Structures are given as structure tokens and as C-alpha cells.
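Worksheet: the structure to be examined is printed underneath.
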Amino acid sequence: MKTVNNSSSKSPKTKSHPFWQWFWLTFLVVSLAYAWYSFYVPSNDVKWAENITSVEKISNNSDKKTLLFFTGKWCAPCRVMKREVFADKEVSKIINSQIIPVIIDIDKPETKDLVKHFTVSATPTTIITDSEGKVIDYVVGKIDKNKFLEMLNKL
């Protein structure tokens, strides 16, 4: 007669070492904190215009330049710029006193003509135009605070 062994060939489960429990818990907390920080955007003092949907409205009768910031709700580098550049007191003071800032969500159908006119293919895209609507400076991608301040000081 044949005897059947009911025990499996697998070894019994053992508790993981406390180090690994601590490691994975720490990894989870750090990952969640980083994810939150990536999407966190503090309020800023820049007085953004959001309702400009045509090139004709960009040119104005004042001597001020216009800052066009092309963004999207899903754009993580845009959020970083809003948090690290536009939330800075020095930057917002210069923008509000010397420039007309316009934030343009490229996903809105009414901004399609602006996106096409300025050939925006990536976000963030930062464009500075003169009072006649001619492009003075054009930067694609995230800009740090110092580079942005240099860009403003050239004006």
C-alpha cells in the first residue's frame, strides 16, 4: 500500500524581518508625500487673465508686455513652475507691475486658435509678447526662478 504525504513541499510562511516592514512602510509614506508635493500648487499673487482666447485680445493699448503661460491641468512641470516660480513674491511683484499675465489651458477648445498661432506643442510653454503681439521671448519647458527672473530683466 502506498502512503500519501499530506505535507506540501513548500516551506511554511515565516514572518518577514522587522527591517523590511519598516522599509516598505517608510517607502510608502515617502512616495505618498512626494506624490502630494508634485500636485500641490500654492496660491500666488499673480493676477492672471484667463479669458483671452484670440491673438487680437493679446495685443493691447498699453506699453506693457504680455506673458502667455500655456499649461494643462495634467501638467506636472507646470505645477512645479506655479509652486516654485509664480508663488515667489519677487516674481509676482515684477509680473504684476510690468506685465499682463495670461494663463492658457491648452485643453480648452476655445484656446485652440492661440495654441495653433503660437505653435505650442508642449507644456509648459512661456511666451512674452510686446504690446503689438509680437513674440519677444519663447521658452518651452519648465523654467527655474532665476532663469525666469533673467528673462523678465531682459525686458
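Odds and ends about this structure:
- Chain lengthening between Lys47 and Lys147 when straightened (0.36 nm per residue, less Cα-Cα): 33.9 nm
- Of all DSSP beta bridges in region 55-153, antiparallel share, percent nearest 5: 60
- Entries in Lys65/Lys93; Lys89/Lys147; Lys82/Lys145; Lys47/Lys154 that, when Cα-Cα distance is taken, lie over 19 Å: Lys47/Lys154
- Amide hydrogen proximity for Ala49: with H placed 1.01 Å from N in the peptide plane, the residues at 5 or more positions away or on another chain lying under 5 Å are Val102, Ile103.
- Positive dipole terminus of region 55-153, leading residue within Ala87, Phe118, Met151 (C-beta point charges): Ala87
- The HN-Hα couplings worked out from phi for region 86-95 by the Karplus form 6.51 cos²θ - 1.76 cosθ + 1.60 (θ = phi - 60°) are 6, 7, 6, 4, 5, 5, 5, 5, 5, 4 Hz, whole numbers, x standing for Gly and Pro.
- All aspartates and glutamates inside 16 Å of Lys116 as judged from Cα atoms, apart from same-chain residues fewer than 8 positions distant: Glu56, Asp105, Asp107
- Pair Thr14, Ile136: separation of 7 Å Cα→Cβ label points (nm): 7.0
- ³J(HN,Hα), Karplus 6.51/-1.76/1.60, whole Hz, each residue of region 68-85, x for Gly, Pro: 9, 10, 8, 9, x, 4, 8, 7, 5, x, 5, 5, 5, 5, 4, 7, 9, 10
- Note that region 112-127 has calculated 3J(HN,Hα) couplings of 4, 5, 5, 4, 5, 4, 8, 6, 7, 10, 8, 10, x, 10, 10, 10 Hz, one per residue in order, obtained from phi through the Karplus relation 6.51 cos²θ - 1.76 cosθ + 1.60 (θ = phi - 60°); glycine and proline are x.
Computed from the coordinates by the stated procedures, all read-outs in this text should not be read as laboratory data. In this text the structure is predicted, and so the values were computed from the model without any measurement. Cβ coordinates were reconstructed from backbone atoms using ideal geometry, including for glycine residues, and neighbour counts include every protein chain displayed.
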